[in-house]
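We did not get these values from a lab; they are worked out from the coordinates using the rules stated. Since the model is a prediction, treat every value here as computed from it, not as a measurement. Don't worry about glycine lacking a Cβ; one is built from the backbone with ideal geometry, like all the others, and counts go over all protein chains shown.
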Amino acid sequence: MPQRTDTAEPPEYKVYRTRPRLLQRGGGNGESLLDELRGKPPGAPSKPRRRITVGRVVKWLALALVGWLLLSLVLFLISATLQQNQVPSSAQAALSGGGVGLTSPQTTLVLGSDRRTAGTKEPGASVSGPSRSDSIMLMRFGGGHSSKLSIPRDTVVDIPGHGRDKINAAYAIGGPALTIKTIEQYLGIQVDHLFLVNFANFPALIDAMGGIDYSGGCVVSRINGGFKNGGFTLRLRRGTTHIDGRQALALARTRENLCNRREDDRTRARRQQKILSAMKGRVFSVHGFLRLPLISWNVPKSVQTDMGGPRLLGYALGLALNGNAPTRVLRPTGVERLPNGGDGLDVSDAEKQTEVKRFLR
C-alpha cells in the first residue's frame, strides 16, 4: 500500500460566486435594493446627504444655461426651415449671394411693403394686388464694417425699363427683384441678401420680447382710421415709453403725426430705426434671455429672406457683433415733377455720392 508523504501539495480548488439577484443588489453601503424598499428600521442612522456646494450650484446653472441656449437654437432653426423658400426666385436670382457678415462685409436690403391684412381701413394701404415698398433700408456689416442707409420711399429714380418714378413704385411694378435692380443701378451698390418684413407677424415678435422701450417725441396717429373707425389710435408721450407689439407696429407705420405735422419720411425712417435698436437692446437684456426661446421661434416668422436656417443664424450673430451703426437717411435736395403728374423727392448726385461713400467705407 503506497505511503503518504509529507511533501505532497494539497489540491487546488476554484471558488465560484453567483451574481447577486436583482433585489439583492445594493449600493456601496452593503444594503440591497430589497432593504431599501423595506425602509429603515426605527432608530437606524439616516443615510448622509450630499452637501450643496458652490461648485455644484455653478455646474447646475451652467447646464441650465446651455440647455436654454440649445432649446432656443433648435426652435430658431425649425422656425427658419418652415419659413424657407418664401422669397420669389426672381428676387433670389437678382441677389449677389455674399457671406453672412461674420468675416467679410455684405449688404442686405430690408423692404417693408404697404400691403395690410384684410379689413384694414388705413388710407392708401393695399390689401391685394400690387403694393409699394413702404420702407427701404440697406444694412452693411462684417469685417469691421457697420453702416445703415435709409432711402425715402418718394425718392425719384430711374426704374429699369419703366422710366422715372418714385423708388417705391419698383416694388409694385416688378416686386423685390425689380427693387433690387433699381437700387443697384441708382446707388451702384451690390445687394447680397434680402429681408421682406412681414407686418402681420411683427407684433407677435415684439410681444415675444415682452415689449420694448421706445424713446422719442410725442406721437399721436390714427392707424386704419383710428379707434372710432375700427382701427388703432396711437398716443405716446415725449420721453421713454414701454410699448407692446401693436403699438410698435402703429409707430412704425405712422405717416402723419398729429403732434408734429412737419414730420416727413425722414422722420419716419429714423423712428423705425429706433424701434429696431430697441428690439436689439431687448434681445440682449436679462428679460430677453428669459424669453429667448419665444423670440427665437418668432424671429424667422416676422421676415421672409433668401437665407435658410444655418445661414440666417450666422447672419444674426454677425449683426449682433457688428450692426451698431446709426442709420443715415438720403437727404432730398428738391422736388421733381414726374411724367404722371405727381411730385417726388429729388436727391442730388453730390448727396448720393457722399452717403454711398459713408455706407461702403
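Please turn the phi angles of region 141-153 into ³J(HN,Hα) values with the Karplus equation 6.51 cos²θ - 1.76 cosθ + 1.60 (θ = phi - 60°), one per residue in order, whole Hz, x for glycine and proline.
7, x, x, x, 9, 7, 7, 9, 9, 9, 10, x, 5
I want to check the label-to-label distance for Asp343 and Asn324. Put each point 7 Å from Cα in the C-beta direction and report it in nm to one decimal.
Placing both labels 7 Å along Cα→Cβ, they lie 4.2 nm apart.
Ordered by packing density, taken as the mean number of other Cβ atoms within 10 Å over each peptide's residues, highest first, how do 191-200, 285-294 rank? Display every interim value, and only then the final one.
Working: 191-200: 20.6, 285-294: 15.2.
Per-residue mean Cβ counts within 10 Å order the peptides as 191-200, 285-294.
Once both labels are modelled 7 Å past Cα along the beta-carbon direction, what's the Phe227-Thr354 spacing in nm?
4.4 nm
With the cut-off at 1.5 for a/c, could you classify region 193-313 from its C-alpha gyration tensor as rounded, prolate or oblate?
Values: a/c = 1.87, a/b = 1.62, b/c = 1.15.
Here region 193-313 falls in the prolate category.
Given the peptides 223-233, 249-259, arrange them by the average over their residues of other C-beta atoms within 10 Å, most packed first.
In decreasing order of mean packing, 223-233, 249-259 become 249-259, 223-233.
Return the subset of Lys166/Lys280; Lys148/Lys352; Lys166/Lys352; Lys181/Lys274; Lys228/Lys274 for which the Cα-Cα distance in this structure is over 20 Å, preserving the input order.
Numbers: Lys166/Lys280 31 Å; Lys148/Lys352 14 Å; Lys166/Lys352 16 Å; Lys181/Lys274 28 Å; Lys228/Lys274 29 Å.
Pairs exceeding 20 Å: Lys166/Lys280; Lys181/Lys274; Lys228/Lys274.
Pop a pseudo-label 7 angstrom from the Cα along the beta-carbon direction at both His287 and Ala62 and give the gap in nm to one decimal.
3.1 nm
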